[in-house]
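As structure tokens, the structure follows; a few thoughts come after it.
Every number in this text was worked out from the coordinates using simple rules, so none of it is lab data. Quick caveat, the model's predicted, so the values are computed rather than measured. Glycine gets a Cβ as well: all are built from the backbone with ideal geometry, and neighbour counts include every protein chain shown.
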Amino acid sequence: MANLIEMTQLSPTMTEGTIVKWIKKEGDAVSPGEVLAEVETDKAVMEMEAYESGVLLKIIEGEGAKLKVGQGLAIIGKPGEDVSELLAKAKTSVSKEIPTAKVEPAPVVSRPVETKQSPVLAQEPKPKEPMAETRGSLRVLASPLAKSIAIEHGVDLHLLIGTGPDGRITKKDVLESLSSKQSGAGSNAFVSAAPKDEVIALGGMRKTIAKRLKDSKLNLPHFYLNADINARKLERFRAELNEFREKNLPETTPKVSVNDIIIKAVASALRLHPKVNASWLEDSIIQYGRVDVGIAVSLDGGLLTPVIRNTDQKSIFQISAEVKDLAKKARERKLKPEEFSNGTFTISNLGMFGISRFTAIINEPESAILAVGAIEDKPVVENEQVVAGKVMSLMLSCDHRVIDGAVGAEFLRTLRALLENPALLSGV
């Protein structure tokens, strides 16, 4: 008996998906577990597997179609089966729930900039204006003589700034433009180089990010704690680890970054301060027994937070290898839901972009996120002497419903101690 194959929920927060590519074609044999299609969810491009065996009799929705979870996209059955009833059912369902289910990826649309500095472009003339010239969606006002001269000399009136009443282009404006072209200078010589607006269609990931961050900022009472770290020993510790790696570990072992050490230090501090490793549950607070640290990774369409499970139980070298593997998968949009969900704490590091310090929005349902800035050359006081130092800024965003100021400060103090004395990480 033929079966209608529906859009599968491929991530916990997925409500709709876009078919990126059909792996199977009509007439192909299908077995449970085989990949039918690649689907873009709110998080990543993922593989949608078959749960039925048989033949792919009909592909209802092609590549580019956007469907809600549970809506039909294909039919699997035995060769020669009548699928007209299932096909009618699927199309009826799609037309009722998603009137525009087949959606080609929206193109980038460009439209001219409209600014107060360019009255000719910004102002719509009165409907009965006799000398308004129309080209596409732009209308320009020009005097009869100005228009005549422009036509004779091939001047595009849409590129000129009118100095007459209501932005009208005058004879003088056109003549100045001609003079500008000959001399290569003039006020109107640069109008053609004006940038244009671009309207960029939102993908599923960007929509989800926007909604989640807005909800988090509105619903969670954020407060922020800042601490500056003397990072001289941290950089030296990183160099020592990589020197040890070169002499004692396989070549395939990745180099350790400062961020890898920060992840280990954060996980160790969370183990010592479980009140920060927690979530709000409306009528209670859950303090997690596990320490699963998420790392914000920037993508073209937004960002993902791959999660390192049981981070506190792993060595810095293990963390380094896992971070690089997860980041690679994230950028290739190949992360599985279990690899980017259910973290207990998140780190966002913009230090590699030269950002000194910033505040981050909490990744719900977590209760805190750490923003990490760049290591900068600054004077510091050591042994009552001002010396050249290395300083890194940490900013902890906290949900005040779960974390009190003193609790967050104690966590940050412990983290600071671990980062300023990283050799301690071998014992925690």
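Which order do peptides 298-309, 375-386 fall in by mean Cβ count within 10 Å, highest first?
Numbers: 298-309: 17.9, 375-386: 10.8.
For the peptides 298-309, 375-386, the packing ranking is 298-309, 375-386.
So how strong a dipole does the stretch 3-97 carry about its Cα centre when Lys and Arg Cβ are +1 and Asp and Glu Cβ are -1, to the nearest 20 debye? Write out the running numbers ahead of the final one.
Values: 11 positive and 17 negative charges, 43 e Å.
The dipole magnitude comes to about 200 debye.
Kindly identify the stretch 204-427 as rounded, prolate or oblate by the Cα gyration tensor criterion: order the square roots of the eigenvalues as a ≥ b ≥ c, call it rounded if a/c is under 1.5, otherwise compare a/b with b/c, prolate if a/b is larger, else oblate. The partial results should precede the final answer.
Values: a/c = 1.59, a/b = 1.21, b/c = 1.31.
Oblate shape, in that a/c is at least 1.5 and b/c is the bigger or equal ratio.
Which order do the peptides 209-216, 271-278 take when ranked by the mean count of other beta-carbon atoms within 10 Å per residue, highest first? List each step's numbers first, then the result.
Details: 209-216: 14.5, 271-278: 19.8.
Listed from highest to lowest mean packing, they are 271-278, 209-216.
For the stretch 14-65, which GluC sites (Glu not before Pro) are in a loop by DSSP, counting at most 13 other Cβ atoms within 10 Å?
Working: sites: Glu16, Glu26, Glu34, Glu38, Glu40, Glu47, Glu49, Glu52, Glu61, Glu63; in loops: Glu26, Glu34, Glu52, Glu61, Glu63.
Those satisfying the criteria are Glu26.
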Obtain the nm distance between the two label points defined at Gln313 and Asp377 by a simple spin-label model: each point lies 7 Å from its Cα along the Cα-to-C-beta direction.
-> 4.4
Using label points projected 7 Å from each Cα along Cα→Cβ, tell me how many nm separate Arg290 and Val20, to one decimal.
-> 2.5
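What's the FRET efficiency of Lys211 with Ser179 using the Cβ-Cβ distance as r and R₀ = 56 Å, to the nearest 0.05?
Details: r = 54 Å, r/R0 = 0.96.
E between Lys211 and Ser179, to the nearest 0.05, is 0.55.
Sorted from fewest to most neighbouring beta carbons within 10 Å, what does the list Leu335, Leu10 look like?
Numbers: Leu335 25, Leu10 21.
Fewest-to-most Cβ neighbours within 10 Å comes out as Leu10, Leu335.
In nm, what is the difference between 0.36 nm times the number of residues separating Glu47 and Leu202 and their Cα-Cα distance?
Working: separation 155, 0.36 × 155 = 55.80 nm, distance 2.15 nm.
Value of the extension gain: 53.6 nm.
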Once the dipole of the stretch 1-91 is set up from charges on Cβ (+1 Lys and Arg, -1 Asp and Glu), the residue from the list Gly17, Ala88, Ser53 lying farthest towards its positive end is Ala88
Put in order of increasing Cβ neighbours within 10 Å, starting from the fewest, Thr170, Thr41, Thr13 give Thr13, Thr170, Thr41
